[in-house]
Amino acid sequence: MLTRYTHLFVQDQASLELLYRNSIPSVTVSGDTRFDRVLENSTREAVFPAISDFCAKGVAVVAGSTWPQDEKVLAGVLAKNPTMKLVIAPHELGESRIKNIESRFAGKSIRYSAISADIPANVNVVIIDSIGMLSLLYRFGKYSYVGGGFGKEFTIF
């Protein structure tokens with residue numbers, strides 16, 4: 001079946017050599033773009049002083065791609081660990097989603113876009129309300145939480 005393709009892209013040199021040995025010459029090593037992006041991001045400088053300072057003031061969790069079920073779990077964890085610092089980057093950034101998160105963490109949250117200098121001392125939750133930051137924010141947390149694993153039927157607390 002592979003001989004029917006005009007050209008194949010593979011992730012590594014070993015795959016290329018395997019195909020060459022099996023008389024499939026039209027092959028290019030393209031790498032694993034997901035891995036390459038993570039590796040590239042790990043070497044990029046992340047300049048978010050407010051987030052860095054915020055996370056340094058307690059045990060920090062960076063939660064990415066969250067859904068309402070995830071935020072319910074995170075709210076329960078925060079209730080049991082009131083000094084924890086939480087950075088939430090929701091999967092969807094619509095105004096109603098952001099307002100829902102704000103109401104769940106009433107009086108203890110701030111939108112990233114509303115930070116002008118330092119994050120107020122009473123704030124335990126920063127809501128990331130812009131696209132493109134998440135991959136650079138994970139480095140500031142002691143723990144990472146990747147959302148979306150609970151599905152519609154999950155209940156807790």
Exercise for review: Search region 106-130 for residues being within 15 Å of the chain's Cα centre (by Cα) and closer than 17 Å to SER96 by Cβ, and hand back the single one that is modelled with the lowest pLDDT.
Suggested key: SER130
Study note, to complete from the structure: Scanning region 121-132 residue by residue, the ones that are touching a strand residue (DSSP E or B) at 6+ places or on another chain (Cβ under 7 Å) and over 13 Å from CYS55 (Cβ atoms) total 2
Exercise for review: Name the residue, out of LEU86, LEU78, LEU18, that is more than 21 Å from ILE131 (Cα to Cα), outside any loop (DSSP other than H, G, I, E, B) and touching a Leu at 6+ places or on another chain (Cβ under 9 Å).
Suggested key: LEU78
Review point. Within region 31-79, can you find the residues that are polar (S, T, N, Q) and either surrounded by 13 or more Cβ atoms within 10 Å (Cβ to Cβ) or modelled with pLDDT of 95 or more (or both)?
Key: ASN41, SER52, SER65, THR66, GLN69
**Study point:** Residue tally, condition in a loop (DSSP other than H, G, I, E, B) and either under 19 Å from GLY76 (Cβ atoms) or not assigned by TED's automatic domain parsing to the domain that holds LYS72 (or both), over region 92-143
**Key:** 8
Exercise for review: Would you mind stating whether ALA46 is in contact with a helix residue (DSSP H, G or I) (Cβ under 7 Å, 6 or more places away or on another chain) and assigned to a loop (DSSP other than H, G, I, E, B)?
Suggested key: yes
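The values are calculated or read from the model by the stated rules, or taken from the named source; none is laboratory data. A quick note: this is a predicted structure, and the numbers were derived from the prediction, not measured. When we count neighbours, we look across all protein chains shown, and the Cβ atoms used for this are built from the backbone with ideal geometry, even at glycine.
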